[in-house]
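Just so it is clear, none of the values below were taken in a lab; they were calculated from the coordinates. Just so we're clear, the structure is a prediction, and the values are computed from it rather than from any experiment. Don't worry about glycine lacking a Cβ; one is built from the backbone with ideal geometry, like all the others, and counts go over all protein chains shown.
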């Protein structure tokens, strides 16, 4: 039997508003433990929440970018449960009247558009951070728990998708595209390592062609897009093997541990919480004014999905996707506008520039364009060095353009001869058919010439000489 | 000069201070040095200096640097790092804190017997309760231990103790006084309000504490408060809801005193007519005892032993949490947490909390309709005068019925004011005036005129 996976995502994005969601504490990553706290976010008796207007606007903006309907009336609810990192014993969240609902994100793929439904995007507060004190650093085996309330009350947007995704790769690409959207709207750093973007994945499988929804499991704690893809693949395989051996999948939450082969269960259905949701009586319902919604809509530029489609008209879909989700496409457009070849520019940006870690915003596109145009004539080493300096405010391509690559066979042949002579064993092996050794010789020549030789010419000459 | 703390009003005290007939220190000492044989206070303060009028605050109200226990063992060691908005506003007006008054644990009760620190006694008869939950503040004001005070009212905790102690208590319109810093019981019902010896003091104190607060999203701007002077009630239309004036359980003595007050109102020019609030009275109490415990079950979740207050030992968080709450909460909070948790649990929400909230809308509408015909409605505040200590502690339902007449207007978010209107068996009887939203000025005007005509002596007979 063939199987189809059904995947839904739940994404949390921390907003980078100046203050927290329901108090005036600074909303900032880091700081000494419990330094960004007040009676409200420590839940002292009698303290009351006041909703952050800016956070409401940003949630609406993200909702609009995800093509959601913005509610005329949205309500905060209390989600009640006991945990040391939740000082009020309830999280203020949204329940049946969220700010944004019924949206979609259209994701271009090599085979055409895939549309993922957005069930809702709502606003809530983040929990504080439990620090489990144990040598392993893991929850299992911890001996004590300390709580840092700095993160408690950070504004969070929760985005829930419809179960419209059927493979790990699409899930991964959706997450990347969503992240890029959030970053471009300037709502969040959305940095996975810092936890300012987090996601949970719901996975079930069913016989291909069926439209039933079987028992799903929830995967948590995946802090990279690749882990998400890997976790999903692993979970799909696990569920299929359970069904194929005549078993039943249990509803449970699984804790993803990157190195491990299995995801240990965190809690099963029997332990599922009854959150006793009810409307938060300390806050009044939110009624977003129409003109505010339209103003926010006007602030949204061309979104990443649309740009991938537009750029894919010029480049391959793959290149367009890499440029846009890497946040490189605006620089690419500028570099192309300054005279560089589109494909060449894309290659340089996606392969070499991205490795420098320099922010695209810091780059003078005109100077970069000059480098791209002259790429073949500049020694490799000089080109690499130029790229690494692109972030400098006064960067100029001129000194690098003056350095010319050595492409003259007459100049290169003596060096090549010397290298072959010094490595007779390798030369013998190459002649005996070990083609891979070509790279060794080219590398030696490049090294000998200080990176100034034209690799294409060296390649050609080495082969010619060894073949004789 | 000697200061008669039993009789001196805040307004009179202000006059004495302004005319420099007494010093601020003398005034404060007059209250502070009086023996608290009623156990009205849980904590008494040193004179902070200055020459403002002293005030007592119910121990539900957070006071920076001064213990705030909410009458609970779980907060026995808790000292707030911030002032409640009402406490801050009192300070801004120079009012000096005399102390924190006793309360039923987390304001849950009608007799102050649920305080973890022992009951308060009624100044008229120390064998009887002062009402609750704000029995401490009411006893302090009537017992000469404070010129005035602030209480909190969820289902009658200001009005009912004022009735049983024979003073003036206002539960303001929901949203007119900030709840910021008041230990929460039931957020959609809790309101802070004044307790005083007369209506003018009550109005003045209300003017100090009321108004929008950026720390409480549910607050609104309030019409300017008028300290009343009126002596007649010409043109006033009073409605007498028959369900609240003829309810089962109203003592004959209470009924008589209230009837006389109403006749007096008529003689002052008011027109009085019987009206009806059938649903509000039939369903008010039942719905209140779903809404309030439901919200309480959530509001009391924060007492987990992690950050402040009591912490009992336990092998892990779960165990520490359970031991702390087991040791820290008394029976009444535990009872309400259980009821409330049940009422909010999945599958029961619609039938209980959801439905009770919808009934509130019905109660509100029924009151709105009455206020199309009447400027205010009148009834006894409490069906009985002060009862003996211990008389109802074994029967929570009998205790809950004390609030039968105060709860409907609380559920509708409406202002209600108690004034003493006579005695029954030597104990004060309270008259409840309820108006439409933001009608505090009407309540003050009418209550003041009645107060003048009734000439009730607020000093307990045994202390005169």
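The label-point distance for residue A:361 and residue A:447, in a model that sets each label 7 Å from Cα toward Cβ, rounds to 4.2 nm. Between residue A:384 and residue A:423, the C-beta separation translates, for a Förster distance of 22 Å, into a calculated FRET efficiency of about 0.30. Between 0 and 90 degrees, the angle of helix A:168-184 with respect to the longest Cα principal axis of chain A falls at about 80 degrees. Placing R0 at 22 angstrom, the Cβ-Cβ distance between residue B:425 and residue B:463 gives a FRET efficiency of 0.80 after rounding to 0.05.
With R₀ set to 41 Å, the beta-carbon distance separating residue B:251 from residue B:317 gives a calculated FRET efficiency near 0.20. Which angle between 0 and 90 degrees, to the nearest 10, do you get for helix A:455-467 versus the longest principal axis of chain A when only C-alpha atoms count? With both axes taken from Cα atoms, the answer is about 50 degrees. With the simple spin-label model, which puts each label point 7 Å out from Cα in the Cβ direction, the residue B:47 to residue B:263 separation comes to 4.8 nm. In chain A, the longest principal axis of the Cα atoms and the axis of helix A:409-422 are about 80 degrees apart. The stretch between residue A:186 and residue A:398 holds 72.9 nm of extra length on full extension. This uses 0.36 nm per residue minus the Cα-Cα distance. Listed by Cβ neighbour count within 10 Å, with the fewest neighbours leading, B:323, B:39, B:367 appear as B:323, B:39, B:367. Estimated purely from DSSP H runs of n ≥ 4, each contributing -39500 (n - 2.57), the mean residue ellipticity at 222 nm for chain A is -10500 deg cm²/dmol once divided by its residues.
Remark: A:132, B:121 ranked as A:132, B:121, counting other beta-carbon atoms within 10 Å and listing the fewest first. Residues B:61, B:337, B:208, ranked from the fewest to the most other C-beta atoms within 10 Å, line up as B:208, B:337, B:61.
Available extension along the chain between residue A:111 and residue A:224 is 38.2 nm, counting 0.36 nm per residue and deducting the alpha carbon span.
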